[in-house]
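Quick one: the structure is below, and I'll ask about it shortly.
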Amino acid sequence: MRMAHHAPTIALVRPTATTPISVTGAACALDCAHCGGRYLEHMHPISEAQPDGARSLLISGGCDARGRVPVHGHLEAIARLRPGRRLNWHLGLVEEADLDGLAPLVDVVSFDIVGDAETARQVYGLDATLDDYVETLRLLRGLAPVVPHVTIGLHGGQIRGERAALEALAAEGVERVILIVFIPTPGTRYADCAPPPLDEVADLLAHARCLLPQAGLYLGCMRPHGRYRQQLDELAVACGLNLIVNPTRAAERAAQAAGLTVTWGDECCALY
């Protein structure tokens, strides 16, 4: 399926030229079960952002109680950082009024989509259905190109609504999808959960490839490390994905063994 619709190439990306910026620092009203604000700690607070040398920025942050990233109080600061840079935004479950004034600053929007309402409740504490996510996706596509993200195993390592999310994205005709994998993270409510079994992840990757034959499918940076990551990278190549972020050597070897030409990139994968 991949070879029928795509050139025999694969992109390997190390996003060193993209600076991640949080508009809320390490604060998030949701305290999500898989994150607990831990990943915000690795971002640059916007009050201290000096992304010298960066060619692009990831504008993100913690959410408010409704699942929206509160960016509007920071648009002037973001505008000062924009010249000469592309901006990738995480906005969350926004409404139309939340998009006012954003268009001149947005190059692409990254949007997490959840296919199971119980997962949204348990992980995020949000009363949001797949229909709500699809409605927001359509709204965001009126603002800028949107790259949906699907987290495999988001429900504490269980695969629940991922297939439904992918089927909805296929019905919407999306051109790119970023697939990431649940990481058991110390200090979170899901710290003691296991990542999803690799064979189940492979089944989902292959399903995504067949369901979205012409779309670019990317394996994003958020996935477990160690031997799990090495095996996952090999599976991603075998399942016909187009791009892998922060690849292991196993990914490079698998790509070469598959006869793929490797290209390298250095910005956030949503910008490819």
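In the range 21-38, how many are touching a residue at least 40 places away in the same chain (Cβ under 8 Å) and within 18 Å of residue 89 (Cα to Cα)?
4
Something else about it: Every residue in the range 196-210 that is surrounded by fewer than 18 Cβ atoms within 10 Å (Cβ to Cβ) and under 17 Å from residue 151 (Cβ atoms), please.
197, 198, 200, 202, 203, 207 - these are the residues of the range 196-210 that are surrounded by fewer than 18 Cβ atoms within 10 Å (Cβ to Cβ) and under 17 Å from residue 151 (Cβ atoms).
Scan 183, 152 and give me the residue that is in contact with a strand residue (DSSP E or B) (Cβ under 9 Å, 6 or more places away or on another chain), β-branched (Val, Ile, Thr), in contact (Cβ under 8 Å) with a residue 24 or more places away in the chain and surrounded by 16 or more Cβ atoms within 10 Å (Cβ to Cβ).
Every option except 152 fails the conditions.
Another question about this same structure. Hey, does the range 155-167 have a residue that's at pLDDT 95 or above, touching a strand residue (DSSP E or B) at 6+ places or on another chain (Cβ under 6 Å) and not in a loop (DSSP other than H, G, I, E, B)?
Yes, that holds for at least one residue.
Here are some residues: 38, 86, 66, 80. Which one is of a type in the set (Lys, Arg), on the phi < 0 side of the Ramachandran plot and touching a helix residue (DSSP H, G or I) at 6+ places or on another chain (Cβ under 9 Å)?
Just one listed residue meets the conditions, 86.
Something else: Could you go through the range 212-225 and let me know if any residue there is under 19 Å from the mean Cα position of the chain (by Cα), on the phi < 0 side of the Ramachandran plot and of a type in the set (Ser, Thr, Tyr).
yes
Turning to a different aspect of this structure: Among the residues of the range 6-32 satisfying the criterion of being closer than 27 Å to residue 50 by Cα and β-branched (Val, Ile, Thr), which is surrounded by the fewest Cβ atoms within 10 Å (Cβ to Cβ)?
Only one residue tops the list, namely 16.
The values are calculated or read from the model by the stated rules, or taken from the named source; none is laboratory data. Everything numeric here is computed off the predicted structure, so don't read it as measured data. Glycine also receives a Cβ, built like all others from the backbone with ideal geometry; neighbour counts cover every protein chain displayed.
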